[in-house]
Ligand code: HEM
């Protein structure tokens, strides 16, 4: 768990709004009773990957069939699209099994989550983009695998693809037959399976990795907590109105997303209390800077400054510090801009109050934040240009150097 003492883990957890912190790097101690399955073997998810699809991808990559699969998958977009013709028979048979919602998915909750996502899109966008997005750079395994995979060399393209996932998840009809999320999640599952075969062949990744195969079930849970669990906590901290039904629906959309990404039901938290407990065990203690993560953060934070909407890098740095703590800001070497820090500390809460109709007076800095949100959208969505999302494709290699 890097060099964090237990006391520092607790204070970092508190700064991120993540309650509690279990003993660092403890053995897997989260009970499957708190999962959507309600029971399980208790096997450590650290050693659970996604066997069936992992095997398929080994054979597709080794036989040079990935480009043809990517080409065939281009027209496979909507949840109710037929599976594309031209896929190998075993891949089609596999997708036929998994390209559907789990039996426990609740359409009413998913619809409510979608409506919530629409109502709160500004905060969600900022928190996922600058909170979770930059947090991913201090999750060592994630930072190293993203950096050394093919996509790490072009963070603009990668950020746009990742936003495709978030965008499809948040659409009103995302989980319905006319939506696209089920397909996007399945494509992502294929990408992850490819990465599990490719990264172990990268001498750069193997030199720094503490595991033989990346993206275990445990790693995906960590990432979920850096997204869903973190964002929910922050919304509550910010006193954004968030009724219990909305919170439950928001969790449900993530439960289904994790299932579709290949996480076993026995690890998917059933309630937010179960999720918080798991997060305290798996996420907070492992946060640490790495060479790769520092570079990725620099790449990501450079994106908004490519769109000139008056957002200074200092302002961006301070917003990251505001949502992720000074500790993480220091790890990433984010230069201070004390004037922006003071503005954010006072005006962001006022911006929220005004947007939520809890105060009739627009804060003086309203325009600044409005522009800020716009600049983020331009920088991260749609590769900053076209009106469509960026398709997700299976990689065939790693980052060369
Ligand atoms: C690719 C989402 C967990 C590493 C992707 C893509 C998406 C995605 C949408 C496709 C976009 C692209 O190709 O760039 C997610 C979500 C996760 C998750 C929602 C969990 C909730 C993880 C974890 C790791 C990881 C835990 C590693 C520790 C990667 C890598 C790629 C990738 C290396 C491929 C990049 C490339 O070479 O193109 N992920 N991911 N992901 N993901 Fe994940």
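The values are calculated or read from the model by the stated rules, or taken from the named source; none is laboratory data. What you see is a predicted model, and the numbers here were worked out from it, not measured in a lab. Methodologically, a virtual Cβ is constructed for each residue, glycine included, from the backbone with ideal geometry; neighbour enumeration extends over all protein chains shown.
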Report task. Mind listing whichever residues of the stretch 151-165 are closer than 16 Å to residue 133 by Cα and more than 8 Å from the ligand (Cβ to nearest atom)? Result -> 154, 155, 156, 159, 160, 163
Query - Test for residue 190: is it outside any loop (DSSP other than H, G, I, E, B), within 11 Å of the ligand (Cβ to nearest atom) and more than 19 Å from residue 390 (Cα to Cα) - result: no
Query - Selected residue (only one of 162, 184 is surrounded by 22 or more Cβ atoms within 10 Å (Cβ to Cβ) and under 13 Å from the mean Cα position of the chain (by Cα)) - result: 162
Query raised in the report: Quick one: which of 71, 113 is in the same structural domain as residue 217 (by TED's automatic domain parsing), exposed (fewer than 14 other Cβ atoms within 10 Å of the Cβ), modelled with pLDDT of 95 or more and in a helix (DSSP H, G or I)?
Result: 71
Query raised in the report: Of all residues in the stretch 113-150, which are within 11 Å of the ligand (Cβ to nearest atom) and more than 17 Å from the chain's Cα centre (by Cα)?
Result: 148, 150
Requested in this report: For the stretch 348-363, state whether one or more residues are exposed (fewer than 14 other Cβ atoms within 10 Å of the Cβ), at pLDDT 90 or above and within 22 Å of residue 16 (Cβ to Cβ).
Outcome: yes
Query - Members of the stretch 206-232 that are part of a helix (DSSP H, G or I), more than 9 Å from the ligand (Cβ to nearest atom) and under 13 Å from residue 145 (Cα atoms) - result: 206, 207, 208
Report task. Assess whether residue 236 counts as being part of a helix (DSSP H, G or I), assigned by TED's automatic domain parsing to the domain that holds residue 84 and within 11 Å of the ligand (Cβ to nearest atom). Result -> no
Report task. Examine the stretch 72-79 for a residue that is more than 17 Å from residue 164 (Cα to Cα) and in contact (Cβ under 8 Å) with a residue 24 or more places away in the chain, and state whether such a residue exists. Result -> no
Query raised in the report: Residues of the stretch 241-277 being farther than 19 Å from residue 128 by Cβ, within 13 Å of the ligand (Cβ to nearest atom) and in a helix (DSSP H, G or I), which ones?
Result: 259, 267
